[in-house]
Amino acid sequence: NRMEGFGEVSLFLAVKLRQRHFLTIMKQKSYTFSEIKQKIANYCVYQDRSHQEVEQKLKEFLLIPEAKEEIILYLIKENYLNEERFAKSFTRGKFYIKKWGKNKIKQQLRLKGISDKLIAKSFSEIDERDYQDTIRDFIEKLLPTYKGLKDYQRKQKLIKFLMSKGYEYEEIVNQFQS
């Protein structure tokens, strides 16, 4: 019978995987509570983090829920962890450095567990004139590079690109008209 022997093979593989997982756990260095707290504080000092990112980082350490909670409360109390500061910093960076539009920024902030209220507040970091100028710059820079296409096709292609960068359709069309 061709199926014979598969049970032993899968059991053997399961045992091997458990051993490997156990060895991985055994290789992990163990830290004291205060060392973990300091490591997480340093993680937050390096760059602003969302609560979700910190909770994900805490999963690397085998901590009971009460210890995780205590660390998060400490980080908030000492201002290492500040969701509003994170949202504003993220928004500034993604717009001014990566040239993302508001839709893409909003989507990424939601994925990081940021509330819609904080997202709206973080958009105050983007100067409206800079936002319009960025769309206009993209249009001026990219439109001439689309060769061999009819005008409406070039326009369509650029609109599609700008929407993929997170810019709103209405804003793009307004810049085409001005």
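The values are calculated or read from the model by the stated rules, or taken from the named source; none is laboratory data. Treat the numbers as computed from the prediction; the structure is a model and nothing was measured. Using ideal geometry, Cβ is built from the backbone for each residue, glycine included, and neighbour counts are taken over all protein chains shown. Accessible surface areas use protein heavy atoms only, side chains included; no ligands, DNA or RNA. Shrake-Rupley method; radii C 1.70, N 1.55, O 1.52, S 1.80 Å.
Does Glu168 count as farther than 24 Å from Tyr46 by Cα and in contact (Cβ under 8 Å) with a residue 40 or more places away in the chain?
In short, yes.
Would you mind stating whether Leu142 is in contact (Cβ under 8 Å) with a residue 24 or more places away in the chain and among the hydrophobic types (A, V, I, L, M, F, W, C)?
No.
Got a sec? Which of Glu168, Glu140 is out of contact with any Leu (no Cβ under 7 Å at 6 or more places or on another chain), open to solvent by 80 Å² or more (accessible area, probe 1.4 Å) and not hydrophobic (A, V, I, L, M, F, W, C)?
Glu140
Kindly indicate which of Lys59, Lys117, Lys106 is among the charged types (D, E, K, R) and either under 16 Å from Tyr167 (Cα atoms) or open to solvent by less than 90 Å² (accessible area, probe 1.4 Å) (or both).
Lys106
Please indicate, with yes or no, whether at least one residue in the range 45-53 is hydrophobic (A, V, I, L, M, F, W, C), out of contact with any strand residue (DSSP E or B) (no Cβ under 8 Å at 6 or more places or on another chain) and not in a helix (DSSP H, G or I).
No, the range 45-53 contains no residue that is hydrophobic (A, V, I, L, M, F, W, C), out of contact with any strand residue (DSSP E or B) (no Cβ under 8 Å at 6 or more places or on another chain) and not in a helix (DSSP H, G or I).
Looking at Ile105, Ile64, which is the one that is of a type in the set (A, V, I, L, M) and in contact with a Phe, Trp or Tyr (Cβ under 7 Å, 6 or more places away or on another chain)?
That would be Ile105, the only listed residue that is of a type in the set (A, V, I, L, M) and in contact with a Phe, Trp or Tyr (Cβ under 7 Å, 6 or more places away or on another chain).
Being small (Gly, Ala, Ser) and within 22 Å of Thr91 (Cα to Cα) narrows it down to one residue among Ser178, Ser124; which is it?
When all the criteria are applied, what remains is Ser124.
Residue by residue through the range 144-165, note down the ones that are surrounded by fewer than 15 Cβ atoms within 10 Å (Cβ to Cβ) and out of contact with any Phe, Trp or Tyr (no Cβ under 9 Å at 6 or more places or on another chain).
Pro144, Thr145, Lys147, Gly148, Leu149, Lys150, Asp151, Tyr152, Gln156, Lys160, Ser164 - these are the residues of the range 144-165 that are surrounded by fewer than 15 Cβ atoms within 10 Å (Cβ to Cβ) and out of contact with any Phe, Trp or Tyr (no Cβ under 9 Å at 6 or more places or on another chain).
Note down all Cβ pairs under 8 Å where the first residue falls in the range 86-101 and is on the phi > 0 side of the Ramachandran plot, the second is of a type in the set (Ser, Thr, Tyr), and they're at least six residues apart or on different chains.
Here the result reads Lys99/Thr134, each pair linking the range 86-101 to a residue that is of a type in the set (Ser, Thr, Tyr).
For the range 85-103: of the residues being part of a helix (DSSP H, G or I) and open to solvent by 60 Å² or more (accessible area, probe 1.4 Å), which is farthest from Gln47 (Cα to Cα)?
Asn103
Look at Glu53 and say whether it is open to solvent by 90 Å² or more (accessible area, probe 1.4 Å), among the acidic types (Asp, Glu) and farther than 25 Å from Tyr167 by Cα.
no
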